[in-house]
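One structure below.
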């Protein structure tokens with residue numbers, strides 16, 4: 001990660017296609033209570049997983065630059081696997097602040113969790129087809145065999161707050177068959193929405209498979225990056241702002257159930273008003 005000049009003043013900026021990144025925001029808020037956080041959920045344009053990479057890259061650029069220019073973010077977290085898999089490299093070079101994604105922290109956690117050296121990654125079509133996890137796991141130099149599976153439909157279930165029931169279970173059994181048949185003992189939930197489906201995924205995969213979420217690992221990476229660059233907030237209680245590019249009332253309602261009371265006061269974000 002480039003060592004870019006910044007200061008301890010300013011929030012941690014985070015963005016996601018919608019609600020999934022709230023799992024990462026929750027981990028960051030819990031680990032770093034003194035830090036201010038600004039989170040943008042791009043619910044007006046979600047889901048990202050089935051969109052062309054170039055379009056997702058453009059959305060990511062708009063959101064990341066807004067966090068820096070409009071909110072004075074001192075560090076940006078791409079809290080979306082699809083966006084991180086196609087935009088992290090470019091944004092790291094382009095932005096004047098450090099940029100972190102969720103892919104590398106998740107990959108490191110996955111290879112630590114396996115005992116039989118057979119690991120799996122599930123994600124959106126965009127994330128899996130990008131090959132980002134293959135590269136990230138290869139870069140760990142761990143002696144593991146990776147099986148990947150795209151899970152179209154999972155994000156939409158979460159966004160509808162439908163995280164259990166026959167419909168979800170039937171879809172999960174079909175989509176998870178490749179990783180289950182491969183005999184993996186550790187499965188990375190390679191989309192920040194998927195932890196909300198962890199009960200169903202766990203039931204389908206069985207009790208011997210460890211489910212790995214990138215949220216906590218990303219929070220640790222944020223803490224380390226802030227410490228190393230001298231930008232960590234050292235005292236006080238941080239403020240938390242949440243913005244949505246779509247229906248703010250719906251974002252606040254569902255987000256409150258997924259994250260907690262911090263989402264009582266969501267705000268509107270739009271490209272036009274923040275450019």
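Selection of region 253-275 for residues being under 16 Å from residue 46 (Cα atoms) and touching a helix residue (DSSP H, G or I) at 6+ places or on another chain (Cβ under 8 Å) yields 254, 255, 268, 269, 271. Residue count for region 132-143 under the criterion of being touching a residue at least 12 places away in the same chain (Cβ under 8 Å) and assigned to a loop (DSSP other than H, G, I, E, B): the result is 3.
When region 67-85 is filtered for residues that are in a helix (DSSP H, G or I) and crowded, with 24+ Cβ neighbours inside 10 Å, the ones remaining, listed by number, are 67, 81, 82, 83, 84, 85. Looking only at region 115-126, decide whether some residue is at pLDDT 95 or above, part of a helix (DSSP H, G or I) and either closer than 17 Å to residue 195 by Cα or not assigned by TED's automatic domain parsing to the domain that holds residue 152 (or both). Scanning region 115-126 turns up no residue that is at pLDDT 95 or above, part of a helix (DSSP H, G or I) and either closer than 17 Å to residue 195 by Cα or not assigned by TED's automatic domain parsing to the domain that holds residue 152 (or both).
Filtering region 193-207 to residues that are closer than 22 Å to residue 126 by Cα and either surrounded by fewer than 22 Cβ atoms within 10 Å (Cβ to Cβ) or touching a strand residue (DSSP E or B) at 6+ places or on another chain (Cβ under 6 Å) (or both) leaves 195, 198. Applying the set (1) out of contact with any strand residue (DSSP E or B) (no Cβ under 8 Å at 6 or more places or on another chain); (2) outside any loop (DSSP other than H, G, I, E, B); (3) buried (at least 23 other Cβ atoms within 10 Å of the Cβ) to residue 39 leaves exactly one unmet item: (1). Selection of region 150-166 for residues being in contact (Cβ under 8 Å) with a residue 12 or more places away in the chain, surrounded by fewer than 19 Cβ atoms within 10 Å (Cβ to Cβ) and not in a loop (DSSP other than H, G, I, E, B) yields only 156. When residue 184 is tested against (1) surrounded by 20 or more Cβ atoms within 10 Å (Cβ to Cβ); (2) assigned to a helix (DSSP H, G or I); (3) at pLDDT 95 or above; (4) outside the structural domain of residue 27 (by TED's automatic domain parsing), only condition (2) is not met. Applying the criterion of being free of Cβ contacts under 8 Å to residues at least 60 places away in the same chain and outside any loop (DSSP other than H, G, I, E, B) to the residues of region 208-227, the residue that is surrounded by the most Cβ atoms within 10 Å (Cβ to Cβ) is 211. I'm told residue 219 meets every condition in (1) modelled with pLDDT under 95; (2) under 24 Å from residue 84 (Cβ atoms) except one. Can you identify the failing condition by its number? All conditions pass for residue 219, except number (1). When residue 52 is tested against (1) in contact (Cβ under 8 Å) with a residue 12 or more places away in the chain; (2) closer than 24 Å to residue 153 by Cα; (3) surrounded by fewer than 19 Cβ atoms within 10 Å (Cβ to Cβ), just one condition goes unmet, and that condition is (1).
Can you say whether residue 195 is in contact (Cβ under 8 Å) with a residue 12 or more places away in the chain and more than 23 Å from residue 111 (Cβ to Cβ), as far as the supplied structure shows? Considered against the rule, which asks whether it is in contact (Cβ under 8 Å) with a residue 12 or more places away in the chain and more than 23 Å from residue 111 (Cβ to Cβ), residue 195 comes out as no.
From the list 146, 110, 88, the lone residue that is at pLDDT 95 or above, part of a helix (DSSP H, G or I) and more than 18 Å from residue 53 (Cα to Cα) is 110. Screening the candidates 254, 263, 243 for the property of being over 20 Å from residue 160 (Cβ atoms), within 18 Å of the chain's Cα centre (by Cα) and buried (at least 20 other Cβ atoms within 10 Å of the Cβ) yields one hit, 243.
The values are calculated or read from the model by the stated rules, or taken from the named source; none is laboratory data. Since the structure is predicted, the reported quantities are computational estimates derived from the model, not experimental observations. Every residue, glycine among them, receives a Cβ derived from its backbone with ideal geometry; neighbour counts consider all protein chains shown.
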